[in-house]
Amino acid sequence: MARGEKKPRLAVWKFASCDGCQLSLLDCEDELLAVAGALDVAYFPEATRAEISGTYDLSLVEGSVTTAHDAERIQEVRRRSKFLVTIGACATAGGIQALRNFADVKEYTSVVYARPDYIETLATSTPIAEHVAVDFELRGCPISKRQLLEVVSAYLAGRRPVTPPHSTCIECKLKGNVCVMVAHGTPCLGPATHAGCGALCPSYDRGCYGCFGPMESPNAVSLSRRLQDLGMDAAALKRVYRSFNAGASAFRKESERHGK
């Protein structure tokens with residue numbers, strides 16, 4: 001960057017979420033210093049009270065849209081952002097809160113809150129892409145800090161980010177893991193799940209929970225047949241697809257197929 005040239009402005013926004021993906025950015029530690037040196041962190045309430053008004057070159061958005069206010073706010077974020085990247089399962093698939101999409105929200109609020117009439121919320125939890133144009137989606141619950149750095153670096157280099165489109169099974173093969181489903185009969189969503197976690201759970205002899213959502217071309221129907229062979233009934237199959245990425249199209253459709 002030439003002397004006197006302004007650094008690109010970065011903004012990090014929070015919608016309905018647990019803040020875990022924002023913390024992944026802070027967890028970059030040493031790498032974050034380099035990022036901070038190349039970008040002007042203009043808005044990031046999780047890390048600083050400072051706020052630079054105006055427009056932003058790159059916006060990272062965590063969280064889903066669950067209120068009418070947020071549905072309006074994301075429009076404003078989009079207008080002020082040159083590039084908008086959604087980070088995490090909440091922003092890309094509606095998050096764990098998308099379980100409300102299969103239920104009656106009014107019934108839940110009447111049970112949970114003493115004054116449900118004070119609660120203003122939508123009947124659904126939806127990903128950011130259902131409301132505005134998104135330039136790139138980064139999966140995960142939480143996201144991989146390595147992939148996050150790749151996204152930021154790609155933006156600074158003027159290229160499209162490169163994240164693996166393959167399944168978690170490929171990560172298991174690369175790590176030399178023995179397949180928990182084949183060797184131990186452990187139910188696993190790895191064959192249909194987007195790579196990114198480094199096959200964390202299978203590395204400890206546990207089945208994949210689908211934290212990174214469906215891969216680009218999942219065959220969930222075939223996977224469900226295999227899971228049935230391992231003893232899962234319709235109720236268990238519906239439940240296994242309804243977790244962090246319950247609202248993701250492939251997982252939602254497969255869960256609904258077993259919920260009828």
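Things worth noting here:
- Test set (1) under 19 Å from Val180 (Cβ atoms); (2) more than 14 Å from the chain's Cα centre (by Cα) - Ala235 fails condition number: (1)
- The number of residues in the stretch 166-185 being free of Cβ contacts under 8 Å to residues at least 24 places away in the same chain and hydroxyl-bearing (Ser, Thr, Tyr) comes to 0.
- In the stretch 84-95, the condition of being out of contact with any strand residue (DSSP E or B) (no Cβ under 8 Å at 6 or more places or on another chain) and not hydrophobic (A, V, I, L, M, F, W, C) is met by no residue.
- Residues located in the stretch 233-247, provided they are touching a Phe, Trp or Tyr at 6+ places or on another chain (Cβ under 9 Å) and of a type in the set (A, V, I, L, M): Val240, Ala246
- Of the helices (runs of 4 or more DSSP H) that lie entirely inside the stretch 1-115, those containing 1 or more residues that are modelled with pLDDT of 95 or more and within 29 Å of Ser255 (Cβ to Cβ) span 68-79, 89-93.
- Failed condition for Leu200, given (1) under 30 Å from Arg9 (Cβ atoms); (2) among the aliphatic types (A, V, I, L, M); (3) in a loop (DSSP other than H, G, I, E, B): (1)
- The residue of the stretch 200-216 that is surrounded by the fewest Cβ atoms within 10 Å (Cβ to Cβ), among those that are closer than 21 Å to Pro165 by Cβ and free of Cβ contacts under 8 Å to residues at least 24 places away in the same chain, is Leu200.
The values are calculated or read from the model by the stated rules, or taken from the named source; none is laboratory data. Everything numeric here is computed off the predicted structure, so don't read it as measured data. Neighbour counts run over all protein chains shown; Cβ positions are idealised from the backbone, glycine included.
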